[in-house]
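As C-alpha cells, the structure follows; a few thoughts come after it.
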Amino acid sequence: DEHFGSFLFEVSFYTIIRTLSSYIEVTNQVVKEVSETTLVMQAAGISTKDDVYRVICLGADGTGATSGIVEDENPRQALIDMIEAVVRGCQK
C-alpha cells in the first residue's frame, strides 16, 4: 500500500531528525560542562539553510556546510542563505 510506505518514511524521517537533534543538544551540553569557553561546532549532516538554523538554535556555536554549498546549483546564494540562517538562529 503506497500510503503505508509513505507513513513509514515520514515516521523514520521524524525519528532521524529527533535523534539528530537530541545528539546535538547532548554533545553541546557535555562540551560546555567540561569547558564553558570551548566553542562547539556541529557539522555532521549539514547541507541546507534549515539544517544550519536548527543546529544554531539547538545551541551550537558554529556549523560547517561545505558540501551543501559547493554541491548547490548556486553556491553563492547557498552561502548567503546559510549565513542568514546563522544570524536568525543566534537571535532566537
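Where a number appears in this text, it was derived from the coordinates with a stated rule and is not lab data. The structure displayed is predicted, hence computed values, not measured ones. Heads up, the Cβs are rebuilt from the backbone with ideal geometry, glycines too, and the neighbour counts pull from every protein chain shown.
Which distance in nm do the two modelled labels at D50 and V70 give, with both placed 7 Å along the Cα-to-Cβ direction?
Output for this residue pair reads 2.5 nm.
When the chain is fully extended, how far beyond the present Cα-Cα distance does T38 get from V26, taking 0.36 nm per residue of separation?
2.8 nm
Quick one: Y53, Y23, fewest Cβ neighbours within 10 Å first, how do they rank?
Going from least to most buried by this count: Y23, Y53.
How would R54, R76, R88 line up from fewest to most surrounding beta-carbon atoms within 10 angstrom?
Taking fewest neighbouring Cβ atoms as first place, the list is R76, R88, R54.
What is the order of C90, C57, fewest Cβ neighbours within 10 Å to most?
C90, C57
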